[in-house]
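Report on one structure; see the data block that follows.
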Amino acid sequence: MKRTRATLDSDCRRLEGRGYPGYKDLRGAYDFEGFTLFIDHVQGDPFAAPSKIRVRVPMEVAGFPPELIKGRVRRLALGDFVARAIRSAIGRAPAPDGGSRSRGSGKSGSIRIDAGAQEVLERTAVQISPRDDWIEARIEVGLPAAGRRILGRQASELLCDALPRTALAGLRFGSLDADLVTAFVHCIENQEVIRRGLAERGLIAFVGNGARLPRQSGADDRPLAGEGVVPFESPAAFEVRIEVPNPIGSRVSGTGPDVWVGMGIPAGVNLIVGGGYHGKSTLLKALERCVYPHIPGDGRETVVSDRGLVKIAAEDGRRIERVDIHCFIDALPGDRNTKAFCSDDASGSTSQAAGIVEAIEAGCTGVLLDEDTCATNFMVRDARMQALVHKRYEPITPYVDHVRDLHRTLGISTVLVMGGSGDYFEAADRVIMLRDYAVLDATPEAKQIAVEKPGERRREARGSIDPPPPRVPVAQSFDASRGRSKDRKRVKIDVRTTNAIRYGECDLDLRGVAQLVDISQTRAVGLSMHWASQHLMKDGATLAGILDELDALFDQSGLGALDPFAAAEHHPGNLARPRRHEIAAAINRLRSLRME
Ligand code: ADP
Ligand code: MG
């Protein structure tokens with residue numbers, strides 16, 4: 001028999017006062033007027049992870065204009081906007097009984113959707129069907145209880161009214177501000193069009209004039225407001241103009257090309273210099289984050305970096321498994337092999353060297369380095385130190401002696417914040433100076449200084465820099481099971497913060513992975529590692545090959561393919577797509593990792 005809103009209403013009321021597991025009877029699909037409600041998973045008790053519900057609206061009812069769902073980028077942007085709209089509708093919903101939002105014990109009455117923050121990511125919270133015949137939101141709710149007794153009347157009010165009302169506030173074009181949603185989609189599309197065109201122009205990044213880069217605080221990624229903020233302005237010498245498809249703010253009908261003006265950062269070696277507190281790290285941080293598109297109003301929505309730029313920092317204490325760092329570090333005391341270097345407790349310099357080599361292995365196009373988080377001895381070795389400590393006793397060849405070769409032979413660009421040493425002047429293609437948050441071209445002056453005050457240091461690189469040899473991960477080293485021996489096979493991958501995964505029995509510390517920006521990405525990273533170990537790590541598959549396969553999987557089947565329960569009663573509503581670089585970074589930091 002077809003189940004409808006009326007069935008759900010009476011079923012809920014009938015459960016009033018019964019034990020919590022009675023809710024399991026509600027699983028299934030219910031036809032409402034104009035949409036379908038799916039109850040996919042029912043939580044075991046009021047304190048367990050909430051129940052999973054989908055609201056699906058046929059596209060002709062949802063009424064989104066075809067222009068807004070045309071192409072991968074627009075669909076992604078629209079889905080992201082819809083999730084945000086539902087989240088704000090949840091925030092606006094009147095609390096039951098006029099008081100607290102809670103409808104009883106534990107998570108009773110809570111409604112949640114996994115919408116994004118400043119970045120726009122491919123996520124599973126809102127799905128548009130491949131043939132555009134429906135749009136669906138995946139929502140978590142706490143089914144109401146008093147103690148462990150079902151509150152049937154509240155459940156009915158929640159499932160039949162409150163939840164559909166909030167979901168439809170995002171899922172129907174008519175409920176949204178048409179100008180806002182259009183501008184949002186257009187803004188994201190502009191960024192992606194620029195990103196796709198960067199390489200062709202010989203650029204690795206673009207920073208639009210007028211961009212507002214500083215953030216509220218180190219713990220708050222929203223834009224800093226107020227008079228004191230100096231908007232970005234490119235010096236004439238660095239200025240580029242890029243045609244974008246949409247003038248921001250226009251309606252779909254009135255579209256035509258527009259031009260964004262700003263600073264282009266070319267492939268090669270770029271130095272960011274300037275006095276302390278003049279805005280260097282803020283610029284680098286923007287480049288680091290803007291591998292992802294940003295929402296209108298973020299301040300960085302005209303900043304676009306190449307997808308393959310990877311921020312690298314020194315990360316002493318991390319694990320390293322068979323990484324060939326010999327170009328940077330050779331002849332360690334005790335004759336340790338640096339062609340397949342292993343450490344359970346890396347130093348600042350070895351961790352930074354490994355980070356760079358691993359990023360190259362994963363296919364990065366450039367590295368972002370900030371002196372604030374670099375190991376000094378990895379970056380420079382000045383003339384006096386060369387005189388005091390003979391090269392024979394110094395295993396490190398500093399980055400300054402490889403930075404040009406990295407670009408020339410491997411095509412890896414560098415953007416480096418370096419206020420403390422002029423030894424990079426010779427190596428730099430471009431010197432970007434920050435003074436009172438304003439950007440100046442300091443290239444000619446720095447080059448002149450390099451000629452007039454030649455450094456006394458000698459170049460130390462021996463031989464050229466080679467592409468790192470491919471590594472083959474061992475599937476068995478990715479055991480995600482946890483618990484007593486009898487249910488030892490239970491896969492447990494817990495993610496509590498953006499930067500930490502409990503993977504089986506292993507604590508995986510991702511604090512050094514700066515471009516993991518959303519906890520839903522972290523969840524996807526954890527699942528990707530497990531999925532790869534089950535399906536891809538065989539027949540000598542290399543790490544780079546495995547990352548290719550994961551990207552292909554996400555492109556073809558979406559992130560939902562990762563969910564181990566997708567076929568059963570769960571649905572993956574809380575995943576966001578990580579880059580291959582963040583998946584690689586997590587694999588590389590796993591303490592149990594073994595490479596063949
Ligand atoms: P540096 O790395 O050069 O020492 P930071 O980038 O850390 O400097 O910036 C120092 C401070 O200045 C930060 O608090 C930052 O928020 C603020 N800031 C950076 N850029 C701007 C700007 N364009 N306008 C206003 N404040 C800024
Ligand atoms: Mg700084």
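The values are calculated or read from the model by the stated rules, or taken from the named source; none is laboratory data. Every value quoted in this text rests on a predicted model; they were computed, and no experiment measured them. A quick note on method: Cβ atoms are made from the backbone with ideal geometry, for glycine too, and the neighbour counts reach across all protein chains shown.
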(request) Quick one: which residue in 560, 512, 504 is closer than 25 Å to residue 41 by Cα and touching an Asp or Glu at 6+ places or on another chain (Cβ under 9 Å)? (result) 504
(request) Can you tell me which residue among 524, 541, 514 is part of a helix (DSSP H, G or I) and either in contact (Cβ under 8 Å) with a residue 60 or more places away in the chain or small (Gly, Ala, Ser) (or both)? (result) 524
(request) Check residue 256 against each of (1) modelled with pLDDT under 95; (2) within 16 Å of ligand 1 (Cβ to nearest atom); (3) not hydroxyl-bearing (Ser, Thr, Tyr) and name the one condition it does not meet. (result) (2)
(request) Look through region 447-474, keep the residues that are surrounded by 16 or more Cβ atoms within 10 Å (Cβ to Cβ) and within 35 Å of the chain's Cα centre (by Cα), and return whichever of them is farthest from residue 590 (Cα to Cα). (result) 461
(message) Looking only at region 377-432, count every residue that is free of Cβ contacts under 8 Å to residues at least 40 places away in the same chain and among the β-branched types (Val, Ile, Thr) and tell me the total.
(response) 2
(request) Only residues in region 572-596 that are within 15 Å of residue 502 (Cα to Cα) count as the first member; pair them with residues that are of a type in the set (Phe, Trp, Tyr) and not in a loop (DSSP other than H, G, I, E, B), Cβ under 9 angstrom, at least 6 apart or cross-chain, and list the lot. (result) 586/503; 587/478; 590/478; 590/503; 592/478; 592/503; 593/478
(request) Please tell me if residue 85 is in contact with a Ser or Thr (Cβ under 9 Å, 6 or more places away or on another chain), of a type in the set (A, V, I, L, M) and either at pLDDT below 95 or in a helix (DSSP H, G or I) (or both). (result) yes
(message) With surrounded by 20 or more Cβ atoms within 10 Å (Cβ to Cβ), assigned to a helix (DSSP H, G or I) and of a type in the set (Gly, Ala, Ser) as the only criterion, which of 359, 427 stands out?
(response) 359
(request) Check off (1) on the phi < 0 side of the Ramachandran plot; (2) within 16 Å of ligand 1 (Cβ to nearest atom); (3) not β-branched (Val, Ile, Thr) for residue 226 and give me the number that stays unchecked. (result) (1)
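Please find, among 343, 351, the residue that is away from ligand 2 (no atom under 16 Å from the Cβ) and in contact with an Asp or Glu (Cβ under 6 Å, 6 or more places away or on another chain).
351
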(request) Among residues belonging to region 389-418 that are within 25 Å of residue 512 (Cβ to Cβ), in a helix (DSSP H, G or I) and touching a Lys or Arg at 6+ places or on another chain (Cβ under 9 Å), point out the one that is nearest to ligand 2 (Cβ to nearest atom). (result) 400
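Residue-by-condition table, conditions (1) out of contact with any Gly (no Cβ under 6 Å at 6 or more places or on another chain); (2) assigned to a loop (DSSP other than H, G, I, E, B); (3) within 16 Å of ligand 1 (Cβ to nearest atom):
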{"position": "297", "(1), (2), (3)": "yes, yes, no"}
{"position": "304", "(1), (2), (3)": "yes, no, no"}
{"position": "349", "(1), (2), (3)": "yes, no, no"}
{"position": "368", "(1), (2), (3)": "yes, no, yes"}
{"position": "377", "(1), (2), (3)": "yes, no, no"}
{"position": "387", "(1), (2), (3)": "yes, no, no"}
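Taking the stated definitions as given, is residue 358 under 25 Å from residue 281 (Cα atoms) and at pLDDT below 95?
Details: under 25 Å from residue 281 (Cα atoms): yes; at pLDDT below 95: no.
Against the criterion (under 25 Å from residue 281 (Cα atoms) and at pLDDT below 95), residue 358 does not qualify.
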(request) Among the residues of region 202-223, write down those that are near ligand 1 (Cβ under 9 Å from one of its atoms) and without any contact (Cβ under 8 Å) to a residue 60 or more places away in the chain. (result) 216, 217, 218
(request) Enumerate the pairs (first residue in region 280-309 and under 17 Å from residue 209 (Cα atoms); second residue anywhere and part of a loop (DSSP other than H, G, I, E, B) and small (Gly, Ala, Ser)) with beta-carbon separation below 7 Å, excluding pairs fewer than 6 apart on the same chain, so at least 6 apart or on different chains. (result) 280/419; 299/211; 300/211; 302/210; 302/211; 303/211
(request) Can you tell me which residue within region 267-305, out of those that are charged (D, E, K, R) and under 30 Å from residue 347 (Cβ atoms), is nearest to ligand 2 (Cβ to nearest atom)? (result) 280
(request) Keeping to region 395-439, report how many residues are of a type in the set (A, V, I, L, M), within 16 Å of ligand 1 (Cβ to nearest atom) and under 28 Å from the mean Cα position of the chain (by Cα). (result) 7
(message) Being outside any helix (DSSP H, G or I), small (Gly, Ala, Ser) and more than 12 Å from ligand 1 (Cβ to nearest atom): is that true of residue 264 here?
(response) yes
(request) Identify the single condition in (1) of a type outside the set (Lys, Arg); (2) crowded, with 16+ Cβ neighbours inside 10 Å; (3) more than 16 Å from ligand 2 (Cβ to nearest atom); (4) under 23 Å from residue 212 (Cα atoms) that residue 328 does not satisfy, given that it satisfies every other one. (result) (4)
(message) Can you tell me which condition residue 118 does not meet? The list is (1) modelled with pLDDT of 95 or more; (2) closer than 15 Å to residue 75 by Cα, and all the others hold.
(response) (2)
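Based on what the data block shows, is residue 372 part of a helix (DSSP H, G or I), surrounded by fewer than 17 Cβ atoms within 10 Å (Cβ to Cβ) and either under 30 Å from the mean Cα position of the chain (by Cα) or among the hydroxyl-bearing types (Ser, Thr, Tyr) (or both)? Steps first, please.
Working: part of a helix (DSSP H, G or I): yes; surrounded by fewer than 17 Cβ atoms within 10 Å (Cβ to Cβ): yes; either under 30 Å from the mean Cα position of the chain (by Cα) or among the hydroxyl-bearing types (Ser, Thr, Tyr) (or both): yes.
Yes, satisfied.
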(request) Tell me which residues, restricted to region 188-197, are out of contact with any Pro (no Cβ under 9 Å at 6 or more places or on another chain), surrounded by fewer than 22 Cβ atoms within 10 Å (Cβ to Cβ) and in contact (Cβ under 8 Å) with a residue 40 or more places away in the chain. (result) 197
